[in-house]
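Everything on this sheet refers to the single structure shown next.
The values are calculated or read from the model by the stated rules, or taken from the named source; none is laboratory data. Since the structure is predicted, the reported quantities are computational estimates derived from the model, not experimental observations. Methodologically, a virtual Cβ is constructed for each residue, glycine included, from the backbone with ideal geometry; neighbour enumeration extends over all protein chains shown.
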Amino acid sequence: MSLPRKWHPGLTVVVEWEKDPTPHAYGKWPEPMFSDAWHARMKKEKLNNTRHRAIVEVAPYEELGVIDVHFLPCNQVAVSAVAVTPGQAGYPFNYPSRMEEPAVCPAP
């Protein structure tokens, strides 16, 4: 992904991602990890993944930095490209590092 050096109002990016409903479940599978049987099961399990797409406004930046994509509950996404890291002064978002998915997501 590339962004212009200078931010401008209305700057957006398209973010596409795949979501696994049971991440880390493979650690409990009886098949030996990375065996043919394990790969076959992984292929089958991936059919349960959901695909998502969002057009997201990029947070304003003075100096182009590292592009950070934040995947939030309820399939929300936030994107920044500032020259500071999360947690530092000047970072546009202050999300907790772990956020739980609510039982019911608000309507888009």
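Taken over segment 1-41, residues that are over 30 Å from residue 63 (Cα atoms) and more than 21 Å from the chain's Cα centre (by Cα) amount to 15. A Cβ distance below 8 Å, combined with a sequence gap of six or more or placement on separate chains, defines the contacts here; from segment 5-17, residues that are of a type in the set (Ser, Thr, Tyr) reach residues that are modelled with pLDDT of 95 or more and in a strand (DSSP E or B) in the pairs 12/55; 12/56; 12/57; 12/58. Looking only at residues in segment 92-108 that are surrounded by 13 or more Cβ atoms within 10 Å (Cβ to Cβ) and not aromatic (Phe, Trp, Tyr), the one that is nearest to residue 20 (Cα to Cα) is 99. The set of residues from segment 2-32 being in a loop (DSSP other than H, G, I, E, B) and exposed (fewer than 10 other Cβ atoms within 10 Å of the Cβ) comprises 2, 5, 8, 9, 10, 21, 23, 24, 30, 32. Which one is farthest from residue 71 (Cα to Cα) among residues in segment 37-61 that are loosely packed, with under 10 Cβ neighbours inside 10 Å and among the hydrophobic types (A, V, I, L, M, F, W, C)? Applying the filter and picking the extreme gives 47.
Residues in segment 72-82 that are surrounded by 14 or more Cβ atoms within 10 Å (Cβ to Cβ) and not polar (S, T, N, Q): 77, 78, 79, 81, 82. Residues of segment 57-91 that are in a loop (DSSP other than H, G, I, E, B), at pLDDT 95 or above, of a type outside the set (A, V, I, L, M) and within 30 Å of residue 21 (Cβ to Cβ): none at all.
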